[in-house]
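> This is the structure, below, for whatever I ask next.
The values are calculated or read from the model by the stated rules, or taken from the named source; none is laboratory data. Keep in mind that what you see is a predicted model, and the values were worked out from it rather than measured. No Cβ is skipped: glycine too gets one built from the backbone with ideal geometry, and neighbour counts run over all protein chains shown. What goes into the accessible areas is simple: the full protein's heavy atoms, side chains included, and nothing from ligands, DNA or RNA. Shrake-Rupley method; radii C 1.70, N 1.55, O 1.52, S 1.80 Å.
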Amino acid sequence: MKRKLRWYQSIQFKIAFVFAMMLIITLEIVGAVFVQQMESQNLRTFKNQISLQRYVSTNLTNELSRTSTTSANKQIRILLSDANIPSTANTEIRVIDNKGTIRGTNEANNQTIVGQKTTDNAVKKVIYNNSGGSESTTYDAETNQYYYTKITPLIKQSSGSSTPVGVVYIRASLKSVYNSISQVTTIYLLAAIIAVGLGLILSLVISRAITVPITEMKEQTLRIARGDYSGQVKIYGNDELGQLAIAVNNLSVRVEEAQESTESERRRLNSVMAHMTDGVIATDRRGNVTIINETAVEFLDVDSDQAIGQSILDILNIRKQYTLRDLLEDPDEIMLDFSTDDHDLILQAYFSLIQRESGFISGLACVLHDVTEQQKIDQDRKQFVSNVSHELRTPLTSVRSYIEALSDGAWKDPEIAPKFLKVTQEETDRMIRMINDLLTLSRMDSGTQKLNLELVNLNELFNYVLNRFDMIIDSNEQNERSDKHYTIKREFTKRDLWVEIDTDRFTQVLDNIMNNAIKYSPDGGVVTCRLIETHNNVIMSIADQGLGIPRADIPHVFDRFYRVDKARSRAQGGTGLGLAISKEVVQSLGGKIWVESREGHGSTFYISLPYEPYDEGDDLWDEV
Ligand code: ADP
C-alpha cells in the first residue's frame with residue numbers, strides 16, 4: 001500500500017530541521033554567554049575608567065576640610081578638571097560637602113551651580129544618612145540613554161577618628177558601552193544567520209545523499225511486490241546504504257527465482273490435478289474449499305468459482321451425517337451417492353489431513369474416486385449368482401415334486417405317469433439348455449470362445465435359416481410348436497452381401513430372434529425379414545406382429561435372465577439368456593443389435609454388421 005508522505009514527514013526535512021535547531025540552540029547559548037561576559041567586562045572597564053584616582057579623592061577630602069570656601073572651591077575645580085576622565089562617557093562629576101552645598105563640577109559651562117544646594121535625593125541620602133555610598137544605573141527616556149551614577153563619600157581620617165566631609169557624585173553615560181555591545185551582537189547575529197543557512201544547505205545535501213538511495217530502494221521493493229523484477233537499485237557507495245542496495249538487488253533476484261519455482265510448481269500441480277481421473281479437493285483449517293480440480297467439479301456438478309470458499313460438508317452434501325471434527329479426527333473413506341435420474345455416480349471419498357512438520361493441521365485433502373462401474377459390476381455379479389440359483393431352483397423343485405408324486409404311486413397310473421415323465425424331461429432339457437447357454441456366455445466373457453470367421457454370403461445364410469422355419473410350418477402336424485401358424489415374408493436386397501462372420505454362432509443368433517418372434521406372437525402372424533445394405537453396414541431386421549415390449553423393458557431385454565413376462569417365457573421353455581448371447585455374438589463380430597417395439601403392435605429386432613462393399617467382387621467370384 002503506498003501512502004503519500006507529507007513533506008514534513010520526510011527524513012530529509014527531519015534531518016535539516018534537527019540540524020538547524022541544534023545550530024540555533026548552540027549559537028544561542030554561546031551568544032548569550034559571550035554577550036553577557038562582554039557586557040560585564042566592558043562595564044568593569046568603564047567603571048574603572050570613570051572612578052577618581054585615590055589621590056584625587058584624598059585631595060578633595062582635604063579641600064573640603066578647609067575653612068576658606070573660595071580657595072577650596074578653586075582647588076576643587078582644578079582637581080576635577082585634571083581628573084583623567086574619558087570625554088566619550090559624557091561624564092559629570094560634582095563634589096558636594098556635608099551640608100549639601102555643591103562645591104565643584106567638572107562641567108565648564110555649568111559652573112553656576114557651584115555654591116547651590118544639591119537637589120539630588122540620592123546624594124542627600126548618602127550625606128545625611130552617612131551611608132557608605134551608592135551606585136545605580138538609570139534610564140533617561142529623554143536622551144534615550146543609560147546612565148551610571150556613583151556617589152562616593154569623602155571621609156577625613158584624623159587621629160583614629162573618621163569624619164565624612166562630603167561626597168563625590170559621578171554620572172556617566174553608558175552609551176559607548178552598550179553601543180559596542182550591540183555592534184558585536186549584530187555581527188554575531190549575522191554570523192549566526194549565515195551559519196544556520198549554510199548548515200541548512202549542508203544538512204539538505206547530507207539528507208539527500210541518504211534519502212535518494214532510500215527512495216530508490218523503496219521504489220524497487222514496491223516493484224518487487226508488484227511482481228516486476230527487472231529493475232536494479234543503483235549502488236552509490238560502500239556504506240550501509242550501499243550494502244542495503246546490494247541486499248535489495250539480491251532480494252529481487254531471490255524473490256524472482258522463488259516466484260518462478262513456485263509458479264512452475266503450481267503449474268505442474270495444476271496440470272497433474274487437471275488430468276487426474278480422480279477428483280481432488282483441498283480445504284483450509286475451517287474446512288472451506290481452497291482447491292478443487294476439474295474432475296471434482298464435474299463429479300459434484302458445481303461451479304468451480306462458487307465452490308471455492310464453501311464448506312466441504314456442503315459441497316459433498318454430508319453436513320447431516322458428519323461434522324468437520326469427524327473428518328479431522330478420524331479421516332477415513334466414505335461412500336457418496338451422487339446418482340441422478342440421468343446417470344449413476346457413486347464416489348468413494350478418501351480424506352487425509354494436510355499437516356505441517358510441526359504437526360499443525362493446516363487443512364484437509366479429499367480424493368474422490370469414481371466407483372460406479374465397480375459397484376455396478378459388483379451388483380451385477382451378485383444379481384447374476386442370485387439369478388442362476390433362482391433359475392435352477394424352480395425347474396429342480398418342479399422335477400422333484402413330479403418325481404415324488406411318481407414314486408408316491410403315480411407311476412402306476414398309465415394316464416398320469418407319461419405326462420409327469422414328459423414334464424420332468426422338459427424341465428431337465430430346459431436346465432441343460434440353460435447350463436449350455438451359461439457355459440457359452442462364460443466362454444465368451446472369458447474370451448476362450450474362438451470365432452471361426454469366414455466370408456459368407458449373408459443373403460444365402462439368412463435364407464437358409466428362414467427356410468428351416470418354413471419347413472417347421474409345413475410339417476406342423478408333427479411339430480411341437482404345431483399350435484402356431486405364421487407366415488414369413490422376405491424383403492432382401494438383390495445384391496449378394498459377403499460378410500465375415502462365424503456361421504454357427506450367427507445362425508444361433510438368427511434362430512434365437514426368429515424363435516422369439518414366433519414365440520411372442522399370436523397365431524397367424526406375419527414375420528417380415530429384411531436384409532438391406534447401407535454405405536458400410538448390412539442391416540438385418542426381423543419384425544413380428546406380436547405382443548411387443550413395454551417401453552421400460554426395452555433397454556433390458558438384452559440383459560442376462562431378463563424377461564418381460566417370466567411365467568410366459570418359462571412356459572415357452574425360454575431361459576432368458578438367448579438375447580444376451582445374441583448380443584455378445586453380434587458385438588464380437590463388431591456389429592450392433594437393438595430393438596424397436598410398441599407394446600401390442602409387435603417388435604422389430606435389428607442387427608447391423610460392418611460391411612465393406614467391393615463392386616468388382618461379384619465378377620471376381622464369378623470368374624473363379
Ligand atoms: P427367452 O428365453 O425368455 O425368450 P430371450 O433372451 O430370448 O429369453 O428374450 C428375453 C425377453 O425379451 C423375453 O423373455 C421376452 O420377454 C422379450 N422378447 C424377446 N423377443 C421378443 C419379441 N419378439 N416380442 C416380444 N417380446 C420379446
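> Could you list, in sequence order, all residues of the range 17-57 that are farther than 30 Å from Val168 by Cβ and hydroxyl-bearing (Ser, Thr, Tyr)?
Of everything in the range 17-57, just one residue is farther than 30 Å from Val168 by Cβ and hydroxyl-bearing (Ser, Thr, Tyr), namely Thr26.
> All but one of (1) surrounded by 14 or more Cβ atoms within 10 Å (Cβ to Cβ); (2) not in a helix (DSSP H, G or I) hold for Ser582, so report the exception by its number.
It is condition (2) that Ser582 fails.
> Working only within the range 521-542, note down all residues that are within 16 Å of the ligand (Cβ to nearest atom), within 22 Å of Glu584 (Cα to Cα) and touching a helix residue (DSSP H, G or I) at 6+ places or on another chain (Cβ under 8 Å).
Cys529, Met540, Ile542
For every residue, the table says whether it meets (1) open to solvent by less than 90 Å² (accessible area, probe 1.4 Å); (2) acidic (Asp, Glu); (3) in contact with a Pro (Cβ under 9 Å, 6 or more places away or on another chain).
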{"residue": "Val385", "(1), (2), (3)": "yes, no, no"}
{"residue": "Val388", "(1), (2), (3)": "yes, no, no"}
{"residue": "Glu391", "(1), (2), (3)": "yes, yes, no"}
{"residue": "Pro395", "(1), (2), (3)": "yes, no, no"}
{"residue": "Arg400", "(1), (2), (3)": "no, no, no"}
{"residue": "Ala405", "(1), (2), (3)": "yes, no, no"}
{"residue": "Trp411", "(1), (2), (3)": "no, no, no"}
{"residue": "Phe420", "(1), (2), (3)": "yes, no, no"}
{"residue": "Val423", "(1), (2), (3)": "yes, no, no"}
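> Tally time: how many residues in the range 438-459 are assigned to a helix (DSSP H, G or I) and surrounded by 13 or more Cβ atoms within 10 Å (Cβ to Cβ)?
Let us first name the residues in the range 438-459 that are assigned to a helix (DSSP H, G or I), namely 438-446, 458-459.
Of the ones still in play, those that are also surrounded by 13 or more Cβ atoms within 10 Å (Cβ to Cβ) are 438, 440-441, 443-444, 458-459.
Matching residues across the range 438-459 total 7.
> Another question, if that's okay. Taking the range 597-612 as the region of interest, how many residues are out of contact with any helix residue (DSSP H, G or I) (no Cβ under 8 Å at 6 or more places or on another chain), under 21 Å from Leu547 (Cβ atoms) and more than 9 Å from the ligand (Cβ to nearest atom)? So that I can check it myself, show each step before the final result.
Let us first name the residues in the range 597-612 that are out of contact with any helix residue (DSSP H, G or I) (no Cβ under 8 Å at 6 or more places or on another chain), namely 598, 600-602, 604, 606, 608, 610-612.
Still in the list and also under 21 Å from Leu547 (Cβ atoms): 598, 600-602, 604, 606.
Remaining after also requiring more than 9 Å from the ligand (Cβ to nearest atom): 598, 600-601, 606.
So the count comes out to 4.
> Would you pick out the residues in the range 562-596 that are hydroxyl-bearing (Ser, Thr, Tyr) and within 7 Å of the ligand (Cβ to nearest atom)? I'd like the intermediate steps shown before the answer.
Let us first name the residues in the range 562-596 that are hydroxyl-bearing (Ser, Thr, Tyr), namely 562, 569, 575, 582, 588.
Correct list: Tyr562, Ser569, Thr575.
> Does the range 545-561 include one or more residues that are in contact with a helix residue (DSSP H, G or I) (Cβ under 6 Å, 6 or more places away or on another chain), at pLDDT 90 or above and open to solvent by 20 Å² or more (accessible area, probe 1.4 Å)? Break it down into steps so the answer makes sense when it comes.
Here is the first cut: in the range 545-561, the ones in contact with a helix residue (DSSP H, G or I) (Cβ under 6 Å, 6 or more places away or on another chain) are 557-558, 560-561.
So of that shortlist, the ones also at pLDDT 90 or above come out as 557-558.
Filter once more, so that each one left must be open to solvent by 20 Å² or more (accessible area, probe 1.4 Å): 558.
Yes, there is a match, as at least one residue in the range 545-561 is in contact with a helix residue (DSSP H, G or I) (Cβ under 6 Å, 6 or more places away or on another chain), at pLDDT 90 or above and open to solvent by 20 Å² or more (accessible area, probe 1.4 Å).
> Need the failing condition index for Ile210 against (1) touching a Phe, Trp or Tyr at 6+ places or on another chain (Cβ under 8 Å); (2) touching a residue at least 60 places away in the same chain (Cβ under 8 Å), just the number.
All conditions are met except number (1).
> Of all helices (runs of 4 or more DSSP H) completely enclosed by the range 1-86, which ones contain at least 1 residues that are closer than 30 Å to Ile224 by Cβ and under 60 Å from the mean Cα position of the chain (by Cα)? Step through it out loud before you land on a result.
Values: elements: 11-50, 54-65, 69-82.
Ranges flagged: 11-50.
> Can you pull out every residue in the range 94-128 that is surrounded by 13 or more Cβ atoms within 10 Å (Cβ to Cβ) and among the hydrophobic types (A, V, I, L, M, F, W, C)?
Selection gives Val95, Ile96, Ile102, Ile113, Val114, Ala122, Val123, Val126, Ile127.
> A follow-up question, please. Considering only the range 317-358, how many residues are assigned to a loop (DSSP other than H, G, I, E, B) and open to solvent by less than 40 Å² (accessible area, probe 1.4 Å)?
In the first step, residues of the range 317-358 are kept if they are assigned to a loop (DSSP other than H, G, I, E, B); the result is 317-323, 330-332, 338-345, 356-358.
If we keep only those that are open to solvent by less than 40 Å² (accessible area, probe 1.4 Å) as well, we get 318, 345.
Number of matching residues: 2.
> Which pairs turn up if I take residues in the range 311-334 that are within 17 Å of Ile361 (Cβ to Cβ) and look for partners that are among the aliphatic types (A, V, I, L, M) and open to solvent by 20 Å² or more (accessible area, probe 1.4 Å) with beta carbon separation below 6 Å, at least 6 apart in sequence or on another chain?
Short answer, once both residue conditions are applied: Pro331/Leu353.
> Additional query: If Ile194 passes every condition in (1) open to solvent by 70 Å² or more (accessible area, probe 1.4 Å); (2) at pLDDT below 90 but one, which one does it miss?
Of the numbered conditions (1) open to solvent by 70 Å² or more (accessible area, probe 1.4 Å); (2) at pLDDT below 90, the odd one out for Ile194 is (2).
> Pull out all pairs, ordered by first then second residue, where Cβ-Cβ is under 6 Å, the residues are six or more apart or on different chains, the first lies in the range 580-604 and is free of Cβ contacts under 8 Å to residues at least 60 places away in the same chain, and the second is within 11 Å of the ligand (Cβ to nearest atom) and part of a strand (DSSP E or B).
That search, which allows pairs on different chains as well, returns Val595/Ser603; Val595/Phe605; Glu596/Thr604; Ser597/Ser603.
> Something else: Under the condition of being within 19 Å of Glu92 (Cβ to Cβ) and open to solvent by 50 Å² or more (accessible area, probe 1.4 Å), which residue from the range 153-175 is farthest from the chain's Cα centre (by Cα)? Quick ask: steps written out before the conclusion?
Taking the range 153-175 and keeping what is within 19 Å of Glu92 (Cβ to Cβ), we get 153-154, 166-175.
Next, from what is left, pick out any that are open to solvent by 50 Å² or more (accessible area, probe 1.4 Å): 171, 175.
Numbers: Arg171: 91, Lys175: 82 Å.
Only one residue fits best here, namely Arg171.
> Just checking, how many residues over the range 270-284 are modelled with pLDDT under 90 and surrounded by 13 or more Cβ atoms within 10 Å (Cβ to Cβ)?
Residues that pass the stated criteria total 3.
> Moving to a separate point now. Can you name the number of the only condition in (1) at positive phi; (2) surrounded by fewer than 17 Cβ atoms within 10 Å (Cβ to Cβ); (3) within 17 Å of the chain's Cα centre (by Cα); (4) not basic (Lys, Arg) that Asp301 fails?
(3)
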